[in-house]
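Participant: There's a structure below that I have some questions on.
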């Protein structure tokens, strides 16, 4: 009973940031979503996996990353509360994920099978709005990240990172921050020194 109550409360809290679901829509969602507490530095999925779920991030920080042919990790993106762990190419086209997803801190996620989420969106207007809103958030984040890389220097990208992640930025290892903003560890250390953060 406690797990159901937790799912109900978290689902209502999480979705209300994007849409207002009526009690019937929330009840339908509660039937297909599950809550998961995931420790830090845990792999959510690997490159080569066919991803079938969306793990909406309620609390914590994670990352998406690639591993190149030399075994080097390259951060694709960082994920904070309000985001999600998934691979769209895997969900939509049933391709194997080209990247990995990992928690950086302990995380709480609301998990749903993608097909169940689509069915909810076909049956309920509120869930259709939620899915549209989730895609809009993703596209806007990607658009901003691309603009930042094209228009801002490394110091400005670091300042934007701090603004976006707020207090959570302190929980992210600096090597991951450096990869995220496209600089070396040494360059990030120099930027932080110039900004009086060391």
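The values are calculated or read from the model by the stated rules, or taken from the named source; none is laboratory data. These figures come from a predicted structure and were not determined experimentally. Here the Cβ positions follow ideal geometry from the backbone for every residue, glycine too, while neighbour counts run over all protein chains shown.
Participant: Going residue by residue through the range 30-39, is there one that turns out to be closer than 29 Å to residue 146 by Cβ, surrounded by fewer than 15 Cβ atoms within 10 Å (Cβ to Cβ) and either more than 16 Å from the chain's Cα centre (by Cα) or free of Cβ contacts under 8 Å to residues at least 40 places away in the same chain (or both)?
Facilitator: For the range 30-39, residues closer than 29 Å to residue 146 by Cβ, surrounded by fewer than 15 Cβ atoms within 10 Å (Cβ to Cβ) and either more than 16 Å from the chain's Cα centre (by Cα) or free of Cβ contacts under 8 Å to residues at least 40 places away in the same chain (or both): absent.
Participant: Look at residue 174 and say whether it is farther than 19 Å from residue 54 by Cβ and either without any contact (Cβ under 8 Å) to a residue 12 or more places away in the chain or buried (at least 17 other Cβ atoms within 10 Å of the Cβ) (or both).
Facilitator: Working: farther than 19 Å from residue 54 by Cβ: yes; either without any contact (Cβ under 8 Å) to a residue 12 or more places away in the chain or buried (at least 17 other Cβ atoms within 10 Å of the Cβ) (or both): no.
For residue 174, the condition - farther than 19 Å from residue 54 by Cβ and either without any contact (Cβ under 8 Å) to a residue 12 or more places away in the chain or buried (at least 17 other Cβ atoms within 10 Å of the Cβ) (or both) - is not met.
Participant: Do we have residue 42 as exposed (fewer than 15 other Cβ atoms within 10 Å of the Cβ) and modelled with pLDDT of 95 or more here? First the steps, then the outcome.
Facilitator: On the way: exposed (fewer than 15 other Cβ atoms within 10 Å of the Cβ): yes; modelled with pLDDT of 95 or more: yes.
The answer is yes for residue 42.
Participant: Related question: Looking at (1) within 25 Å of residue 41 (Cβ to Cβ); (2) exposed (fewer than 13 other Cβ atoms within 10 Å of the Cβ), which is the only condition residue 146 fails?
Facilitator: So residue 146 meets the others, but not (1).
Participant: Give the number of residues within the range 113-124 that are touching a residue at least 60 places away in the same chain (Cβ under 8 Å), exposed (fewer than 15 other Cβ atoms within 10 Å of the Cβ) and farther than 20 Å from residue 86 by Cα.
Facilitator: Total meeting the criteria: 1.
Participant: Under 19 Å from residue 57 (Cβ atoms) and in contact (Cβ under 8 Å) with a residue 40 or more places away in the chain: does that describe residue 144?
Facilitator: Details: under 19 Å from residue 57 (Cβ atoms): yes; in contact (Cβ under 8 Å) with a residue 40 or more places away in the chain: no.
No.
Participant: Report, by residue number, each residue of the range 83-104 that is under 13 Å from the mean Cα position of the chain (by Cα) and surrounded by 17 or more Cβ atoms within 10 Å (Cβ to Cβ).
Facilitator: Within the range 83-104, the first condition is being under 13 Å from the mean Cα position of the chain (by Cα), and the residues that meet it are 83-88, 100-104.
If the condition is that a residue be under 13 Å from the mean Cα position of the chain (by Cα) and surrounded by 17 or more Cβ atoms within 10 Å (Cβ to Cβ), then 83, 84, 85, 86, 87, 100, 101, 102, 103, 104 are the ones that fit.
Participant: Can you tell me which condition residue 51 does not meet? The list is (1) under 17 Å from the mean Cα position of the chain (by Cα); (2) surrounded by fewer than 15 Cβ atoms within 10 Å (Cβ to Cβ); (3) over 16 Å from residue 179 (Cα atoms), and all the others hold.
Facilitator: So the condition that residue 51 fails would be (2).
Participant: OK, next. Is it the case that the range 18-29 has a residue that's under 23 Å from residue 106 (Cα atoms) and assigned to a loop (DSSP other than H, G, I, E, B)?
Facilitator: Going through the range 18-29, the residues under 23 Å from residue 106 (Cα atoms) turn out to be none.
Checked the range 18-29: no residue is under 23 Å from residue 106 (Cα atoms) and assigned to a loop (DSSP other than H, G, I, E, B).
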